[in-house]
Amino acid sequence: MDMAEATAPPTRRLEILSAAAELFARRGYHGVSIGDLGRAVGLTGPALYRHFRGKEALLAEMLLDISERLLTEGGRRVEAAESPALALDALLRWHIDFALDNPALITVHVRELGNVPQPQRREIRRLQRAYAEEWVKVLRVIHPDAADDRARSATHAVFGLLNSTPHSTGDLSRDAMAGLLHAMASDALTGAFRS
């Protein structure tokens, strides 16, 4: 992060990141210009450079933030849980809430990682692996006879289900969709470890 990025007011940065997520989700990273991003938050395109070095830096920060938030809160919820089953439930509820509350971020996260510069992409991947391993550790305690690769594959399959929310919510209310996703993901994880 350069000095301009470090000194930008956080609320303005968050406003820009939020607007960028919506635009990138709707039109794709390459379909959005710096001018479009500026206009979305009432700035000229060049004024955006006071907050971010450019579109790549903005995308990288957005995806790093998503990955850090998922990992940090996921780990916190696992630590606070009183049992492995409650830890798994807490992870499910956290991911479901995140996915339902941030459909644009989920879309950008899934679709645009290839547009992030390599050093940041490596860090995003590292954070994603660490988040998945939180799930794997819990699943291995609940199912001690299961192999790590089975727990890891089951975790990623459930992520696919939960990250489908930008396309799957339909006419259901948020609560109804959260309940549906929780039931489906719980059933999928139970079924993954049946003999």
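Points to keep in mind about this one:
- Choice from ALA132, ALA19, ALA80 with maximal GNM fluctuation in the chain (Cα, 10 Å cutoff): ALA80
- Taking every DSSP helix (H) stretch of at least 4 residues in the chain, weighting each as -39,500 (n - 2.57) and dividing the sum by the residue count yields a mean residue ellipticity at 222 nm of -24500 deg cm²/dmol.
- Simple label model, 7 Å out from Cα along Cβ direction - ARG111 to HIS156, nm: 2.2 nm
- Along the range 87-92 the Karplus relation, 6.51 cos²θ - 1.76 cosθ + 1.60 evaluated at θ = phi - 60°, assigns HN-Hα couplings of 5, 5, 4, 5, 5, 4 Hz to successive residues, with x for each Gly and Pro.
- Panel note: the C-alpha atoms of the range 86-184, placed on their principal axes, show extents of 40, 37, 17 Å (largest first).
- Of ALA157, ALA183, ALA40, the one that fluctuates the most in a GNM where the chain has Cα springs shorter than 10 Å: ALA183
- Heavy-atom accessible surface of the range 60-195: percent carbon and sulfur, 1.4 Å: 53 percent
- Computed with the Debye formula from one identical point scatterer per Cα of the range 65-120, without solvent, the log10 of I(q)/I(0) at q = 0.19, 0.25, 0.26 Å⁻¹ comes to -0.72, -0.97, -1.00.
- Linear extension gain, GLU68 paired with ASP89, 0.36 nm per residue minus alpha-carbon span: 5.6 nm
- Degrees separating the helix 55-80 axis from the principal Cα axis of the chain, which is the longest one: 30 degrees
- Estimated D of the chain in µm² per second, where Rh is the Kirkwood radius over Cα pairs and Stokes-Einstein applies at 37 °C, 0.692 mPa s: 183 µm²/s
- The range 126-195: translational diffusion in µm²/s, Stokes-Einstein, Kirkwood Rh over Cα pairs, 4 °C, 1.567 mPa s: 100 µm²/s
- Between 0 and 90°, nearest 10: helix 10-27 axis offset from the chain longest Cα axis: 80 degrees
- Size of charge dipole - the range 110-180 - debye, nearest 20, with Cβ of Lys, Arg +1 and Asp, Glu -1, no other charges: 320 debye
- Residue of ILE66, ILE124, ILE34 that the Gaussian network model of the chain assigns the largest fluctuation, springs spanning Cα pairs under 10 Å: ILE34
- Where labels lie 7 Å past Cα in the beta-carbon direction, separation of LEU180 and ARG26 in nm: 2.5 nm
- Cα-Cα pairs of the range 1-114 separated by more than 23 Å (percent): 37 percent
The values are calculated or read from the model by the stated rules, or taken from the named source; none is laboratory data. Just so you know, these numbers come straight off a predicted model, no measurement behind them. Note that each Cβ is placed from the backbone with ideal geometry, even for glycine, and that neighbours are counted across all protein chains shown. These accessible areas exclude ligands, DNA and RNA; they are computed on the full protein's heavy atoms, side chains included. Shrake-Rupley method; radii C 1.70, N 1.55, O 1.52, S 1.80 Å.
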